[in-house]
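Worksheet: the structure to be examined is printed underneath.
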Amino acid sequence: LPLNNCGVMALDFDHHRGIATSIGQAPLTALIDAGYGSIQAIGEALTNIIWAPLEDGIRSVSLSANWMWPCKNPGEDARLYEAVKACSDFAIALGINIPTGKDSLSMKQKYPDGQEVLAPGTVIISAAGSCSDIRKVVEPPLKDNGQFLYYINLSGDDYKLGGSSLAQTLNYIGNSAPCIKDAASFANAFDTIQSMINQDMISSGHDISSGGMITAIFEMAFSTINLGLEIDLSGIMAKDIIHLLFSENTGILFQCDASGVEELNQKGITYHRIGQVTQSGKINITGFNLQLSYDVSDMRKLWYKTSWLMDQHQSGTEKARERYENHDKYPLQFKFPTEFNGKKVKFEGTKPKAAVIREKGSNSEREMAHALYLAGFEVRDVHMTDLMSGRETLEDIHFIGAVGGFSNSDVLGSAKGWAGAFLYNEKAKNALHAFFNRSDTLSVGICNGCQLFVELGLIYPDHDIKPKMLQNDTGKHESGFVTVDIPQNDSVMLGSLSGTSLGVWISHGEGKFHLPKSKDNYHIVATYVSDKLPANPNGSDYNAAMVCSHDGRHLVMMPHIERSIFPWNWAYYPSERKSDEVSPWLEAFVNARKWIETKIN
């Protein structure tokens, strides 16, 4: 299911500037007209990245051109020249550069029986630009805020079906494809949309590319529950409704308020108001003497069917069907702590010491360290070589965090190699056991770190049959954003979050908690909201997502709370909480610091 048009990465943890990236390609268009294919590829990359506020509008963008072409075949060298020239001319006209790229110019396969297959010559455009505020990125899902849906045809061309997905489904390519006719008009519209985004005038937006306008409309509706659209296309000139809905003329759809429309008028940009959001769960389309109606839920299921069919080859028939049948049944719904104000904590006095423990192949150590830093800890980076050599003994450390990742490339299985480094090195083993035997210490193991602590039997050392971490029921790596429920619990870190439901990232291949005893033998402090995919990504016993020692001090989990500390980390964060600086997960680390302070002061 669609999530976003572009990827955006923050430059650091404390500010909101970032880097936005996107891609574009038009191989079918390039088969019709090599130059048009280049221009359309740039257009798609730019209409994907347009939704991130860039430092200097379109001039912030740099492009990378990846040429994939079957050269030294009749006519192909000339077509490549035509494509490269059109790419260069269009970029120069837009005022943006192409400082780098890559050539793969032998895109031809020969078979023993004499057959030859040529890949369609195309350029894959990667766009990148400096993002001024990652919190202002506009996403496709529709908003039920009273704003209208608008359409801009950025191509300035007639609606043509050549090179479209519709043509491809009918086993055609076509003879005439659309192209962007006026670079200056495109750049003007791009920068105007950028200005509107910076002024918070646009609440949702999506590009029109593969599949045409009809696909973009449905994609905007798929990621929300029970929302629909009333669409009126009568104000747009086209040959017929098929050409309008299925042509892949470069363009955008967006929701905006009245002030945004005024800005479009001032810049002389032609636009069309085509729709309004409803709560009907249906998309009704009027135009060209036709009235069409579609149920969003039915279309979403049809759209997701291809993923289901492909997933059967990865997750198996049973689990793929389970994911397919439940993919829209567990929407992200949160219940925040009543007293949570979303502000960073302020603290005074001596900081207790925490250690972030990592091994070869670990990751997320910086996220873990920063979460502890924000919570008021003095943080130390501890590699396994420090423990194994005796340079670090953990004697003055009161909190340790074992981080996620793929230690030793998981060659021996999840965290088994990491566990071996403790089990078969006397200094490392003694340091860890001494830490766990103290009464003034806390720990958290996340993902690979969870697998480590469970493998070492540190959470329930008195159990005759220990818990284990097993491969996900799907047999493959699962990554996504899920909701977890936090029941009443006595965990030091999560006790104050009892009764809440929060969003969090998961990313693991062996994340299934195998808990061989009855449920009352474990202190389960967070659960997935269902025992079904995709809400429960691994099939853990009792839906366990986080498990704690009986005394509440030592916590293990597969979800990455350290990657979910900020609102902008979340895949979805409640829109009414725009002023939050941090998410409720930071409270877990703050609770740890407060508890330790009561023990050492």
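I need the strands (runs of 3 or more DSSP E) fully contained in region 105-160, keeping only those with at least 1 residues that are among the hydroxyl-bearing types (Ser, Thr, Tyr) and within 30 Å of ASP232 (Cβ to Cβ).
Result: 148-153.
Taking the conditions exactly as written (out of contact with any strand residue (DSSP E or B) (no Cβ under 9 Å at 6 or more places or on another chain), open to solvent by less than 50 Å² (accessible area, probe 1.4 Å) and modelled with pLDDT of 95 or more), does GLY390 satisfy them or not?
Here the answer is yes, as GLY390 does meet what is asked.
Could you list, in sequence order, all residues of region 548-585 that are of a type in the set (Gly, Ala, Ser), open to solvent by less than 10 Å² (accessible area, probe 1.4 Å) and within 15 Å of PHE336 (Cα to Cα)?
SER564, SER583, listed by residue number.
Go through (1) under 27 Å from LYS351 (Cα atoms); (2) in contact with a His (Cβ under 7 Å, 6 or more places away or on another chain) one by one and return the number of the condition GLU478 breaks.
(1)
Those residues that are open to solvent by less than 50 Å² (accessible area, probe 1.4 Å) and closer than 23 Å to LEU253 by Cβ, I need them from region 309-334; list them, please.
If the condition is that a residue be open to solvent by less than 50 Å² (accessible area, probe 1.4 Å) and closer than 23 Å to LEU253 by Cβ, then ASP328 is the only one that fits.
Is region 47-63 home to any residue that is touching a residue at least 24 places away in the same chain (Cβ under 8 Å), in contact with a Ser or Thr (Cβ under 9 Å, 6 or more places away or on another chain) and within 20 Å of SER106 (Cα to Cα)?
So far as region 47-63 goes, no, none of its residues is touching a residue at least 24 places away in the same chain (Cβ under 8 Å), in contact with a Ser or Thr (Cβ under 9 Å, 6 or more places away or on another chain) and within 20 Å of SER106 (Cα to Cα).
Considering (1) open to solvent by less than 50 Å² (accessible area, probe 1.4 Å); (2) free of Cβ contacts under 8 Å to residues at least 12 places away in the same chain, say which one GLN115 fails and leave the rest.
(1) is the only condition that GLN115 fails.
If you go through region 309-344, how many residues are of a type in the set (Asp, Glu), part of a loop (DSSP other than H, G, I, E, B) and within 21 Å of the chain's Cα centre (by Cα)?
Summing the residues that are of a type in the set (Asp, Glu), part of a loop (DSSP other than H, G, I, E, B) and within 21 Å of the chain's Cα centre (by Cα) in region 309-344 gives 1.
Looking at ASP440 and the list (1) closer than 30 Å to HIS514 by Cβ; (2) of a type outside the set (A, V, I, L, M, F, W, C); (3) in contact with a Lys or Arg (Cβ under 8 Å, 6 or more places away or on another chain), which single condition is not satisfied?
It is condition (1) that ASP440 fails.
Residues in region 253-264: is at least one touching a Ser or Thr at 6+ places or on another chain (Cβ under 8 Å), assigned to a loop (DSSP other than H, G, I, E, B) and crowded, with 18+ Cβ neighbours inside 10 Å?
Looking for residues that are touching a Ser or Thr at 6+ places or on another chain (Cβ under 8 Å), assigned to a loop (DSSP other than H, G, I, E, B) and crowded, with 18+ Cβ neighbours inside 10 Å, one finds none in region 253-264, hence no.
Is there a residue being more than 17 Å from THR29 (Cβ to Cβ), among the small types (Gly, Ala, Ser) and crowded, with 18+ Cβ neighbours inside 10 Å anywhere in region 44-56?
yes
Given the conditions (1) in contact with a Ser or Thr (Cβ under 8 Å, 6 or more places away or on another chain); (2) modelled with pLDDT under 95; (3) farther than 24 Å from MET469 by Cβ; (4) not hydroxyl-bearing (Ser, Thr, Tyr), and given that GLY342 satisfies all but one, which numbered condition is not satisfied?
Here GLY342 meets the rest and fails (2).
Against the condition crowded, with 20+ Cβ neighbours inside 10 Å and aliphatic (A, V, I, L, M), how does LEU470 come out, does it pass?
no
Since PRO461 meets every condition but one in (1) farther than 22 Å from ASP386 by Cα; (2) in contact (Cβ under 8 Å) with a residue 40 or more places away in the chain; (3) open to solvent by 10 Å² or more (accessible area, probe 1.4 Å), which condition does it not meet?
Only one criterion is unmet by PRO461, namely (2).
Give the residue that is most open to solvent (accessible area, probe 1.4 Å), with candidates limited to residues of region 293-308 that are part of a helix (DSSP H, G or I) and of a type in the set (Ser, Thr, Tyr).
My answer is THR306.
Residues to consider are ILE236, ILE202, ILE242; find the one that is closer than 24 Å to GLU262 by Cβ, of a type in the set (Val, Ile, Thr) and over 24 Å from the mean Cα position of the chain (by Cα).
Going through ILE236, ILE202, ILE242 in turn, just one is closer than 24 Å to GLU262 by Cβ, of a type in the set (Val, Ile, Thr) and over 24 Å from the mean Cα position of the chain (by Cα): ILE236.
Here are the criteria: (1) closer than 30 Å to PHE13 by Cα; (2) open to solvent by 70 Å² or more (accessible area, probe 1.4 Å). Tell me which single one PHE340 does not satisfy.
Every condition holds for PHE340 apart from (2).
Please pick out the residue among LYS72, LYS85 that is outside any loop (DSSP other than H, G, I, E, B), of a type in the set (Lys, Arg) and surrounded by fewer than 15 Cβ atoms within 10 Å (Cβ to Cβ).
LYS85
Need the failing condition index for ASP200 against (1) surrounded by 22 or more Cβ atoms within 10 Å (Cβ to Cβ); (2) farther than 26 Å from PHE288 by Cβ; (3) among the charged types (D, E, K, R), just the number.
The one condition ASP200 does not meet is (1).
Being in contact with a strand residue (DSSP E or B) (Cβ under 6 Å, 6 or more places away or on another chain), touching a residue at least 40 places away in the same chain (Cβ under 8 Å) and open to solvent by less than 10 Å² (accessible area, probe 1.4 Å): is that true of PHE377 here?
Yes; evaluated as a whole, the condition is true for this residue.
Does region 393-415 hold any residues that are surrounded by fewer than 20 Cβ atoms within 10 Å (Cβ to Cβ) and either among the charged types (D, E, K, R) or at pLDDT 95 or above (or both), and which are they?
THR393, GLU395, ASP396, ASP410 - these are the residues of region 393-415 that are surrounded by fewer than 20 Cβ atoms within 10 Å (Cβ to Cβ) and either among the charged types (D, E, K, R) or at pLDDT 95 or above (or both).
What are the residues in region 43-81 that are of a type in the set (Lys, Arg) and on the phi < 0 side of the Ramachandran plot, if any?
ARG59, ARG79
Condition test on PRO559, is it touching a Pro at 6+ places or on another chain (Cβ under 6 Å) and within 22 Å of ALA354 (Cα to Cα)?
no
Pull out all pairs, ordered by first then second residue, where Cβ-Cβ is under 9 Å, the residues are six or more apart or on different chains, the first lies in region 328-353 and is under 16 Å from PHE399 (Cβ atoms), and the second is among the β-branched types (Val, Ile, Thr) and exposed (fewer than 15 other Cβ atoms within 10 Å of the Cβ).
THR350/ILE600; PRO352/ILE600
The values are calculated or read from the model by the stated rules, or taken from the named source; none is laboratory data. Just so you know, these numbers come straight off a predicted model, no measurement behind them. Reconstructed Cβ throughout: ideal geometry from the backbone, glycine too, with neighbour counts over all protein chains shown. Note: accessible area is taken over every heavy atom of the protein model, side chains too, but ligands, DNA and RNA are not part of it. Shrake-Rupley method; radii C 1.70, N 1.55, O 1.52, S 1.80 Å.
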